[in-house]
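What follows is a short report on a single structure.
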Amino acid sequence: MRKWMPATLPGLIAGLWGNQAGAAGLDVKFEIPRLNVAEYHRPYVAVWLERPDQSVATNLAVWYQQSDGAEGKGTKWLAELRQWWRKSGRESQLPIDGVSGATKPAGEHALSFTEGKAPLAKLPAGDYRLVVEAAREVGGRELLRVPFTWPPKSAQTLKAEGKEELGAISLQLKP
Amino acid sequence: MQRTIKLLALAAALATAGAAHAHSYWMVPSSTVLSAPQWITIDAAVSNDTFHFNHRPLAIEPVVIVAPDGSKVAPANVSKGELRSTFDVKLEQKGTYRLELVRAGIRASWKEGDKPKRWMGNAEAFAKEVPADAPELQVAETISRLETFVSVGAPAALKVSGKGLELQPITHPNDLITGEKASFQFLVDGKPAAGVEVTLVRGERRYRNAQDEIKVTTDQDGKFAVTFPLAGMYWLDADVQDDKVSVKAAKQRNLAYTATLEVLPQ
């Protein structure tokens with residue numbers, strides 16, 4: 001026992017560290033375009049992973065007005081994120097811990113998710129799509145999908161380009 | 001039975017050919033898919049052009065608003081204008097609200113001397129007020145149901161009453177989206193109704209030249225499916241005649257079902 005310990009402990013520690021450093025996960029970057037409009041409201045945004053049949057594998061982020069304003073509860077307009085609302089939102093108890101958040105200004109936003117750490121649970125091997133949906137008051141609605149296969153064989157970066165309510169999207173897969 | 005329905009339907013179609021362009025009636029909710037409890041407004045009218053109120057207001061006194069828990073909600077700000085009726089409803093529960101206007105009764109017509117007489121009422125009044133031996137007495141029973149649905153949060157399952165012609169959703173009426181097949185079943189007195197002709201007309205009728213109606217017929221199990229090509233409010237209508245009367249003097253029963261369905265874009 002005493003002889004075994006010193007020999008394995010470094011390996012065990014290395015293994016732990018190695019696991020930590022190379023944790024599988026995904027990084028999502030997307031741009032909320034700066035728009036030159038008279039009346040600008042920050043968009044509601046939902047980011048999730050869906051299976052090929054469009055069922056939701058996991059919610060990653062939902063940004064909406066958190067406070068109750070003059071127009072009622074911030075959740076009143078959540079149904080404007082039509083796809084997300086239909087596929088997930090309406091079945092969810094809001095706010096969703098680690099997913100719900102306040103709306104964000106125009107610019108690039110980076111989200112990082114580690115497999116096995118909420119909100120990205122262990123993802124069974126298979127085909128998925130990252131979905132980003134944005135809906136803006138007095139503005140439009142746009143939804144983009146980035147297909148990918150999990151787990152990735154190597155680090156990959158996948159991209160998509162929005163037209164109106166979303167700019168460039170990049171999905172970085174970390175094996 | 002099916003044959004009876006078809007034959008009677010044909011007879012009725014011939015008898016009422018002149019009335020084929022009867023005005024349609026409808027209720028249109030301000031929203032059908034809601035993410036939080038809130039007020040909605042309903043417009044109700046009788047008109048030819050789907051969802052344009054340009055003829056008469058609908059008598060909405062008999063409208064019943066059924067909350068997800070089965071309780072009844074009173075409408076607020078009820079008003080009847082020259083062209084439309086309107087009312088508000090505060091939706092406080094999660095689930096699906098059903099707004100229904102059911103009219104059931106007996107229609108009779110006969111001759112009094114040279115003058116044609118028309119009568120409408122319930123079975124009790126019929127026995128008292130309509131002379132059983134009136135010349136050229138024509139009696140028919142009717143049950144018509146007009147309805148629409150609004151969901152707060154996740155749509156909830158809908159139950160039918162088991163009376164008259166009713167729509168049993170397979171796809172929830174608040175879960176309709178363009179390009180996806182939606183399925184429904186028609187029931188007569190709670191039993192599958194085969195061979196029912198269903199008409200669907202999208203609103204905004206004024207802004208196109210053709211009616212562009214979608215016509216489908218229910219299958220053996222009373223089911224039909226439709227894939228909506230365009231988003232919008234749709235007027236769904238079906239009519240059935242049969243001989244399941246409850247009043248002896250009545251020869252046929254006219255059943256009508258009308259609903260407003262909202263289809264959202266992908």
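Name the residues in the range B:102-136 that are in a loop (DSSP other than H, G, I, E, B) and either at positive phi or surrounded by 16 or more Cβ atoms within 10 Å (Cβ to Cβ) (or both), would you?
B:113, B:130, B:134, B:136
For the range B:55-101, what are the residues that are part of a strand (DSSP E or B) and acidic (Asp, Glu)?
B:88, B:100
Hey, can you tell me all the residues within the range B:146-178 that are part of a strand (DSSP E or B) and open to solvent by 20 Å² or more (accessible area, probe 1.4 Å)?
B:168, B:169
Can you tell me which residue is most open to solvent (accessible area, probe 1.4 Å) among those in the range B:17-65 that are of a type in the set (D, E, K, R) and at pLDDT below 95?
Per the stated criteria, the residue is B:61.
Keeping to the range B:39-75, report how many residues are within 14 Å of chain A (Cβ to nearest Cβ) and either of a type in the set (Gly, Ala, Ser) or free of Cβ contacts under 8 Å to residues at least 60 places away in the same chain (or both).
The total comes to 1.
Answer yes or no as to whether residue A:52 is closer than 22 Å to residue B:266 by Cβ, part of a loop (DSSP other than H, G, I, E, B) and more than 9 Å from every other protein chain (Cβ to nearest Cβ).
Considered against the rule, which asks whether it is closer than 22 Å to residue B:266 by Cβ, part of a loop (DSSP other than H, G, I, E, B) and more than 9 Å from every other protein chain (Cβ to nearest Cβ), residue A:52 comes out as yes.
Hey, residue A:95 hits all of (1) more than 14 Å from chain B (Cβ to nearest Cβ); (2) open to solvent by 40 Å² or more (accessible area, probe 1.4 Å) but one; which does it fall short on?
Condition not satisfied by residue A:95: (1).
Among the numbered criteria (1) farther than 17 Å from residue B:147 by Cα; (2) outside any loop (DSSP other than H, G, I, E, B); (3) open to solvent by 60 Å² or more (accessible area, probe 1.4 Å), which one does residue B:239 miss?
Unmet condition: (1).
Looking only at the range A:151-175, filter to residues that are open to solvent by less than 10 Å² (accessible area, probe 1.4 Å) and assigned to a strand (DSSP E or B); which one of those is farthest from residue A:34 (Cα to Cα)?
Among them, the one singled out is A:173.
The values are calculated or read from the model by the stated rules, or taken from the named source; none is laboratory data. Just so it is clear, the structure is predicted and the values come from calculations on it, not from any experiment. Glycine gets a Cβ as well: all are built from the backbone with ideal geometry, and neighbour counts include every protein chain shown. Please note that ligands, DNA and RNA were not included when accessible areas were found on the heavy atoms of the full protein model with its side chains. Shrake-Rupley method; radii C 1.70, N 1.55, O 1.52, S 1.80 Å.
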